[in-house]
Amino acid sequence: MAQIISGKVISAAVKDRIKAEVQELKQKGITPGLAVIIVGNDPASEVYVASKERACAELSMYSEKYALPEQTTEEDLLKLVNELNNRDEIHGILCQLPLPKHINEKTILDAISPLKDVDAFHPQNVGKIMIGDYDFLPCTPAGIMEMLKYSYIDPSGKHCVVIGRSNIVGKPMAMLMLHANATVTICHSKTTNLKEITKQADILVAAVGRANFVTADMVKPGAVVIDVGMNRPNGKLCGDVNFSEVEPIASAITPVPGGVGPMTISMLMQNTLAAARLKLK
Ligand code: NAP
(Lines give C-alpha, C1' and ligand atoms only; values in the text may rest on other atoms or scores of the structure.)
Protein backbone atom coordinates (compact mmCIF):
# COMPACT_ATOMS: atom_id res chain seq x y z
CA MET A 1 0.00 0.00 0.00
CA ALA A 2 1.41 3.34 -1.04
CA GLN A 3 1.45 6.47 1.06
CA ILE A 4 -1.22 8.77 -0.41
CA ILE A 5 0.22 12.26 -0.81
CA SER A 6 -2.84 14.40 -0.24
CA GLY A 7 -2.80 17.78 -1.96
CA LYS A 8 -5.91 18.68 0.02
CA VAL A 9 -4.19 18.20 3.38
CA ILE A 10 -0.87 19.77 2.35
CA SER A 11 -2.46 22.74 0.60
CA ALA A 12 -4.55 23.44 3.73
CA ALA A 13 -1.31 23.58 5.76
CA VAL A 14 0.34 25.83 3.15
CA LYS A 15 -2.69 28.13 3.12
CA ASP A 16 -2.63 28.43 6.94
CA ARG A 17 0.97 29.61 6.71
CA ILE A 18 0.18 32.07 3.91
CA LYS A 19 -2.84 33.40 5.80
CA ALA A 20 -0.66 34.26 8.81
CA GLU A 21 1.93 35.91 6.54
CA VAL A 22 -0.80 37.96 4.79
CA GLN A 23 -1.89 39.31 8.20
CA GLU A 24 1.71 40.30 8.99
CA LEU A 25 2.00 42.12 5.67
CA LYS A 26 -1.32 43.87 6.21
CA GLN A 27 0.07 45.29 9.45
CA LYS A 28 2.76 46.89 7.32
CA GLY A 29 0.04 48.49 5.18
CA ILE A 30 0.12 46.09 2.22
CA THR A 31 -2.78 43.82 1.23
CA PRO A 32 -1.68 41.35 -1.48
CA GLY A 33 -3.85 41.94 -4.56
CA LEU A 34 -4.43 39.62 -7.52
CA ALA A 35 -6.13 40.50 -10.82
CA VAL A 36 -7.50 37.53 -12.76
CA ILE A 37 -8.43 37.97 -16.41
CA ILE A 38 -10.60 35.50 -18.28
CA VAL A 39 -11.58 35.92 -21.92
CA GLY A 40 -14.51 33.94 -23.34
CA ASN A 41 -16.65 31.21 -21.79
CA ASP A 42 -14.46 28.10 -21.51
CA PRO A 43 -16.19 26.10 -18.72
CA ALA A 44 -12.97 24.58 -17.30
CA SER A 45 -11.33 28.04 -17.21
CA GLU A 46 -14.36 29.45 -15.38
CA VAL A 47 -14.03 26.73 -12.71
CA TYR A 48 -10.28 27.46 -12.27
CA VAL A 49 -10.86 31.23 -12.05
CA ALA A 50 -13.65 30.79 -9.48
CA SER A 51 -11.38 28.62 -7.30
CA LYS A 52 -8.59 31.22 -7.50
CA GLU A 53 -11.00 33.96 -6.39
CA ARG A 54 -12.25 31.78 -3.53
CA ALA A 55 -8.67 31.15 -2.38
CA CYS A 56 -7.96 34.91 -2.33
CA ALA A 57 -11.06 35.51 -0.20
CA GLU A 58 -10.16 32.63 2.14
CA LEU A 59 -6.69 34.12 2.74
CA SER A 60 -7.98 37.73 3.08
CA MET A 61 -6.20 38.83 -0.09
CA TYR A 62 -7.67 41.42 -2.44
CA SER A 63 -8.80 40.17 -5.84
CA GLU A 64 -10.35 41.60 -8.99
CA LYS A 65 -11.85 39.53 -11.78
CA TYR A 66 -12.08 40.72 -15.37
CA ALA A 67 -14.46 38.51 -17.35
CA LEU A 68 -14.13 39.73 -20.93
CA PRO A 69 -16.22 38.63 -23.93
CA GLU A 70 -14.86 36.13 -26.48
CA GLN A 71 -14.59 38.87 -29.15
CA THR A 72 -12.23 41.06 -27.04
CA THR A 73 -9.40 42.33 -29.24
CA GLU A 74 -5.71 41.78 -28.50
CA GLU A 75 -5.33 45.56 -28.34
CA ASP A 76 -8.03 45.90 -25.65
CA LEU A 77 -6.55 43.06 -23.63
CA LEU A 78 -3.08 44.62 -23.84
CA LYS A 79 -4.56 47.92 -22.67
CA LEU A 80 -6.06 46.21 -19.60
CA VAL A 81 -2.76 44.43 -18.80
CA ASN A 82 -0.91 47.75 -19.02
CA GLU A 83 -3.42 49.44 -16.70
CA LEU A 84 -3.01 46.61 -14.17
CA ASN A 85 0.79 46.78 -14.50
CA ASN A 86 0.56 50.40 -13.33
CA ARG A 87 -1.84 49.89 -10.40
CA ASP A 88 -0.19 49.89 -6.95
CA GLU A 89 -2.84 47.76 -5.21
CA ILE A 90 -2.49 44.97 -7.82
CA HIS A 91 0.60 42.84 -7.12
CA GLY A 92 -0.19 39.84 -9.27
CA ILE A 93 -1.75 39.53 -12.73
CA LEU A 94 -2.99 36.24 -14.09
CA CYS A 95 -4.40 35.77 -17.56
CA GLN A 96 -6.26 32.46 -17.66
CA LEU A 97 -5.24 30.27 -20.61
CA PRO A 98 -6.25 29.30 -23.20
CA LEU A 99 -7.07 32.64 -24.82
CA PRO A 100 -9.33 32.83 -27.93
CA LYS A 101 -7.44 31.98 -31.13
CA HIS A 102 -7.38 35.57 -32.48
CA ILE A 103 -5.28 36.68 -29.47
CA ASN A 104 -1.57 35.86 -29.40
CA GLU A 105 -0.93 34.32 -25.97
CA LYS A 106 2.77 35.07 -26.08
CA THR A 107 2.13 38.78 -26.76
CA ILE A 108 -0.15 38.99 -23.73
CA LEU A 109 2.05 36.96 -21.37
CA ASP A 110 5.11 38.99 -22.38
CA ALA A 111 3.20 42.22 -21.63
CA ILE A 112 2.58 41.30 -17.98
CA SER A 113 5.19 42.99 -15.79
CA PRO A 114 7.74 40.34 -14.70
CA LEU A 115 7.30 41.69 -11.15
CA LYS A 116 3.56 40.87 -11.27
CA ASP A 117 3.88 37.62 -13.24
CA VAL A 118 2.53 35.26 -10.58
CA ASP A 119 2.26 32.38 -13.08
CA ALA A 120 6.02 32.76 -13.81
CA PHE A 121 5.44 32.47 -17.57
CA HIS A 122 7.29 35.66 -18.59
CA PRO A 123 10.59 34.89 -20.42
CA GLN A 124 12.49 36.96 -17.84
CA ASN A 125 11.13 34.80 -15.01
CA VAL A 126 11.69 31.59 -16.99
CA GLY A 127 15.33 32.62 -17.43
CA LYS A 128 15.67 33.41 -13.72
CA ILE A 129 14.34 29.95 -12.83
CA MET A 130 16.94 28.42 -15.15
CA ILE A 131 19.77 30.07 -13.20
CA GLY A 132 18.13 29.39 -9.83
CA ASP A 133 17.65 33.05 -8.85
CA TYR A 134 13.92 33.71 -8.96
CA ASP A 135 11.06 35.68 -7.42
CA PHE A 136 8.32 33.26 -8.53
CA LEU A 137 8.15 29.60 -9.47
CA PRO A 138 5.52 28.19 -11.85
CA CYS A 139 2.63 27.08 -9.66
CA THR A 140 2.21 23.40 -10.58
CA PRO A 141 5.89 22.32 -10.37
CA ALA A 142 6.33 24.44 -7.22
CA GLY A 143 3.30 22.71 -5.70
CA ILE A 144 4.82 19.31 -6.45
CA MET A 145 8.12 20.25 -4.77
CA GLU A 146 6.13 21.43 -1.73
CA MET A 147 4.23 18.11 -1.62
CA LEU A 148 7.52 16.18 -1.64
CA LYS A 149 8.92 18.39 1.12
CA TYR A 150 5.85 17.91 3.33
CA SER A 151 6.07 14.15 2.70
CA TYR A 152 9.78 14.04 3.66
CA ILE A 153 10.74 12.82 0.17
CA ASP A 154 14.11 14.28 -0.78
CA PRO A 155 14.85 14.17 -4.55
CA SER A 156 18.61 14.51 -3.95
CA GLY A 157 20.51 11.71 -5.69
CA LYS A 158 17.30 10.13 -7.00
CA HIS A 159 16.46 9.52 -10.65
CA CYS A 160 13.46 11.67 -11.54
CA VAL A 161 11.69 10.94 -14.83
CA VAL A 162 9.28 13.58 -16.09
CA ILE A 163 6.85 12.58 -18.86
CA GLY A 164 5.94 15.79 -20.70
CA ARG A 165 7.97 18.82 -21.79
CA SER A 166 5.45 21.69 -21.77
CA ASN A 167 6.63 25.16 -20.76
CA ILE A 168 4.02 25.19 -17.99
CA VAL A 169 4.68 21.83 -16.33
CA GLY A 170 7.28 19.43 -17.80
CA LYS A 171 10.27 21.71 -18.43
CA PRO A 172 10.07 23.75 -15.20
CA MET A 173 9.40 20.54 -13.25
CA ALA A 174 12.62 19.04 -14.59
CA MET A 175 14.51 22.22 -13.69
CA LEU A 176 13.21 22.29 -10.10
CA MET A 177 14.14 18.62 -9.68
CA LEU A 178 17.61 19.43 -10.97
CA HIS A 179 17.89 22.32 -8.48
CA ALA A 180 16.92 19.75 -5.80
CA ASN A 181 19.88 17.58 -6.91
CA ALA A 182 17.90 14.85 -8.66
CA THR A 183 19.25 13.21 -11.82
CA VAL A 184 16.60 14.11 -14.36
CA THR A 185 15.28 12.55 -17.56
CA ILE A 186 12.57 14.25 -19.64
CA CYS A 187 10.38 12.10 -21.91
CA HIS A 188 7.93 13.23 -24.59
CA SER A 189 5.89 11.95 -27.51
CA LYS A 190 9.01 11.18 -29.60
CA THR A 191 10.70 9.14 -26.85
CA THR A 192 11.11 5.66 -28.33
CA ASN A 193 11.76 3.52 -25.25
CA LEU A 194 9.43 5.19 -22.77
CA LYS A 195 8.67 2.17 -20.58
CA GLU A 196 12.37 1.30 -20.24
CA ILE A 197 13.07 4.81 -18.98
CA THR A 198 10.06 5.23 -16.69
CA LYS A 199 10.89 1.89 -15.03
CA GLN A 200 14.19 3.43 -13.88
CA ALA A 201 12.46 6.30 -12.06
CA ASP A 202 12.69 6.70 -8.30
CA ILE A 203 10.33 9.66 -8.76
CA LEU A 204 8.00 9.54 -11.77
CA VAL A 205 6.09 12.70 -12.74
CA ALA A 206 3.33 12.24 -15.34
CA ALA A 207 2.30 15.44 -17.14
CA VAL A 208 0.95 14.03 -20.39
CA GLY A 209 -2.74 14.90 -20.55
CA ARG A 210 -3.87 11.33 -21.37
CA ALA A 211 -6.16 9.44 -19.01
CA ASN A 212 -4.65 6.34 -17.34
CA PHE A 213 -1.52 6.60 -19.52
CA VAL A 214 0.91 5.33 -16.85
CA THR A 215 0.28 1.67 -16.15
CA ALA A 216 1.82 -0.67 -13.57
CA ASP A 217 4.32 -2.16 -16.06
CA MET A 218 5.88 1.33 -16.49
CA VAL A 219 6.63 1.81 -12.79
CA LYS A 220 9.52 0.53 -10.66
CA PRO A 221 8.29 -1.07 -7.41
CA GLY A 222 8.73 1.46 -4.59
CA ALA A 223 8.73 4.52 -6.86
CA VAL A 224 7.12 7.84 -5.88
CA VAL A 225 4.47 8.65 -8.51
CA ILE A 226 3.21 12.19 -9.07
CA ASP A 227 0.14 12.53 -11.28
CA VAL A 228 -0.28 16.00 -12.81
CA GLY A 229 -2.93 15.01 -15.35
CA MET A 230 -6.40 16.48 -15.31
CA ASN A 231 -8.47 14.58 -17.85
CA ARG A 232 -12.22 14.22 -18.23
CA PRO A 233 -12.68 11.31 -20.70
CA ASN A 234 -16.30 10.68 -19.64
CA GLY A 235 -16.90 13.96 -17.87
CA LYS A 236 -15.30 12.55 -14.67
CA LEU A 237 -11.95 13.98 -13.56
CA CYS A 238 -9.05 11.50 -13.70
CA GLY A 239 -5.27 11.70 -13.89
CA ASP A 240 -2.57 10.42 -16.24
CA VAL A 241 -1.82 7.47 -13.94
CA ASN A 242 -3.91 4.32 -13.71
CA PHE A 243 -4.25 4.71 -9.93
CA SER A 244 -5.77 1.31 -9.09
CA GLU A 245 -2.94 -0.51 -10.94
CA VAL A 246 -0.02 1.67 -9.83
CA GLU A 247 -0.92 2.40 -6.20
CA PRO A 248 -0.17 -1.16 -4.96
CA ILE A 249 3.43 -1.05 -6.28
CA ALA A 250 4.35 2.60 -5.59
CA SER A 251 5.78 3.75 -2.26
CA ALA A 252 3.88 7.03 -2.50
CA ILE A 253 1.38 8.43 -4.99
CA THR A 254 -0.76 11.54 -5.53
CA PRO A 255 -4.47 11.00 -6.22
CA VAL A 256 -6.63 12.80 -8.79
CA PRO A 257 -8.68 14.64 -7.68
CA GLY A 258 -7.20 15.95 -4.43
CA GLY A 259 -3.53 15.76 -5.43
CA VAL A 260 -1.52 18.25 -7.47
CA GLY A 261 -4.57 20.42 -8.37
CA PRO A 262 -5.15 22.03 -4.95
CA MET A 263 -1.39 22.66 -4.59
CA THR A 264 -1.31 24.68 -7.81
CA ILE A 265 -3.79 27.20 -6.38
CA SER A 266 -1.94 27.46 -3.05
CA MET A 267 1.28 28.21 -4.93
CA LEU A 268 -0.51 30.97 -6.87
CA MET A 269 -1.44 32.50 -3.52
CA GLN A 270 2.18 32.12 -2.37
CA ASN A 271 3.39 33.91 -5.51
CA THR A 272 0.88 36.74 -5.00
CA LEU A 273 2.18 37.15 -1.45
CA ALA A 274 5.77 37.13 -2.76
CA ALA A 275 4.85 39.77 -5.39
CA ALA A 276 3.33 41.98 -2.68
CA ARG A 277 6.45 41.55 -0.56
CA LEU A 278 8.55 42.95 -3.42
CA LYS A 279 7.00 46.31 -2.39
CA LEU A 280 8.98 46.11 0.86
CA LYS A 281 12.31 45.90 -0.97
P1 NAP B 1 0.75 19.65 -22.90
O2 NAP B 1 1.24 21.02 -23.15
O3 NAP B 1 -0.26 19.06 -23.82
O4 NAP B 1 2.02 18.67 -22.86
C5 NAP B 1 1.86 17.29 -22.83
C6 NAP B 1 3.21 16.64 -22.94
O7 NAP B 1 3.03 15.23 -22.96
C8 NAP B 1 3.97 17.01 -24.21
O9 NAP B 1 5.30 17.36 -23.92
C10 NAP B 1 3.88 15.75 -25.07
O11 NAP B 1 5.04 15.52 -25.88
C12 NAP B 1 3.81 14.68 -23.99
N13 NAP B 1 3.17 13.47 -24.53
C14 NAP B 1 2.02 13.38 -25.21
N15 NAP B 1 1.80 12.11 -25.59
C16 NAP B 1 2.86 11.39 -25.15
C17 NAP B 1 3.24 10.03 -25.26
N18 NAP B 1 2.48 9.13 -25.89
N19 NAP B 1 4.39 9.64 -24.68
C20 NAP B 1 5.17 10.52 -24.04
N21 NAP B 1 4.88 11.82 -23.91
C22 NAP B 1 3.73 12.26 -24.48
O23 NAP B 1 0.12 19.50 -21.44
P24 NAP B 1 0.49 20.26 -20.06
O25 NAP B 1 -0.02 21.65 -20.09
O26 NAP B 1 1.91 20.02 -19.71
O27 NAP B 1 -0.45 19.44 -19.08
C28 NAP B 1 -0.31 18.04 -18.91
C29 NAP B 1 -1.47 17.54 -18.05
O30 NAP B 1 -1.42 18.17 -16.79
C31 NAP B 1 -2.85 17.87 -18.62
O32 NAP B 1 -3.76 16.82 -18.25
C33 NAP B 1 -3.25 19.13 -17.86
O34 NAP B 1 -4.66 19.30 -17.76
C35 NAP B 1 -2.64 18.84 -16.52
N36 NAP B 1 -2.34 20.03 -15.71
C37 NAP B 1 -2.70 19.95 -14.41
C38 NAP B 1 -2.41 21.00 -13.57
C39 NAP B 1 -2.79 20.88 -12.14
O40 NAP B 1 -2.85 21.88 -11.44
N41 NAP B 1 -3.03 19.67 -11.64
C42 NAP B 1 -1.77 22.14 -14.07
C43 NAP B 1 -1.38 22.18 -15.41
C44 NAP B 1 -1.67 21.09 -16.23
P45 NAP B 1 5.44 16.48 -27.12
O46 NAP B 1 6.06 17.70 -26.50
O47 NAP B 1 6.39 15.69 -27.90
O48 NAP B 1 4.16 16.80 -27.85
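The values are calculated or read from the model by the stated rules, or taken from the named source; none is laboratory data. These figures come from a predicted structure and were not determined experimentally. Positions of Cβ are generated from backbone atoms using ideal geometry, with glycine treated the same way; all protein chains shown enter the neighbour counts. Ligands, DNA and RNA are excluded from the accessible area calculation, which covers all protein heavy atoms including side chains. Shrake-Rupley method; radii C 1.70, N 1.55, O 1.52, S 1.80 Å.
Within the stretch 119-136, the set of residues being without any contact (Cβ under 8 Å) to a residue 40 or more places away in the chain, assigned to a loop (DSSP other than H, G, I, E, B) and open to solvent by 30 Å² or more (accessible area, probe 1.4 Å) comprises Asp133, Tyr134. Tell me, yes or no, whether the stretch 106-118 has at least one residue that is within 16 Å of the ligand (Cβ to nearest atom), open to solvent by 40 Å² or more (accessible area, probe 1.4 Å) and either within 15 Å of Thr272 (Cβ to Cβ) or in contact with a Phe, Trp or Tyr (Cβ under 8 Å, 6 or more places away or on another chain) (or both). No.
Each residue in the stretch 9-37 was checked for being under 23 Å from Leu84 (Cα atoms) and open to solvent by less than 10 Å² (accessible area, probe 1.4 Å), and 8 of them qualify.
Of all the listed residues (Glu105, Glu58), the sole one being within 17 Å of Met267 (Cα to Cα) and out of contact with any strand residue (DSSP E or B) (no Cβ under 6 Å at 6 or more places or on another chain) is Glu58.
Among the conditions (1) open to solvent by 40 Å² or more (accessible area, probe 1.4 Å); (2) under 19 Å from the mean Cα position of the chain (by Cα), Ser51 misses just one, which is (1). Only one of the listed residues (Met269, Met263, Met218) is more than 9 Å from the ligand (Cβ to nearest atom) and either open to solvent by 50 Å² or more (accessible area, probe 1.4 Å) or under 30 Å from Gln27 (Cα atoms) (or both). That residue is Met269. Working only within the stretch 221-244, note down all residues that are under 22 Å from Ile153 (Cβ atoms), in a loop (DSSP other than H, G, I, E, B) and open to solvent by less than 60 Å² (accessible area, probe 1.4 Å). Those that are under 22 Å from Ile153 (Cβ atoms), in a loop (DSSP other than H, G, I, E, B) and open to solvent by less than 60 Å² (accessible area, probe 1.4 Å): Gly222, Ala223, Val228, Gly229, Gly239, Asp240, Asn242.
State yes or no: is Ala182 under 25 Å from Met130 (Cβ atoms) and out of contact with any Phe, Trp or Tyr (no Cβ under 9 Å at 6 or more places or on another chain)? In short, yes. Contact map, the stretch 262-281: first residue free of Cβ contacts under 8 Å to residues at least 12 places away in the same chain, second residue not in a helix (DSSP H, G or I), Cβ cut-off under 7 Å, separation 6 or more or different chains; the map is empty.
Which ones in the stretch 1-44 are assigned to a helix (DSSP H, G or I) and of a type in the set (A, V, I, L, M)?
Val9, Ile10, Ala12, Ala13, Val14, Ile18, Ala20, Val22, Leu25, Ala44
If only residues of the stretch 176-214 that are assigned to a helix (DSSP H, G or I) and open to solvent by 80 Å² or more (accessible area, probe 1.4 Å) are counted, the one that is nearest to the ligand (Cβ to nearest atom) is Lys195. For the condition loosely packed, with under 15 Cβ neighbours inside 10 Å and not hydrophobic (A, V, I, L, M, F, W, C), Pro172 does not qualify. Screening the stretch 245-255 for residues that are of a type outside the set (S, T, N, Q) and crowded, with 22+ Cβ neighbours inside 10 Å and picking the one that is farthest from the ligand (Cβ to nearest atom) gives Ala250.
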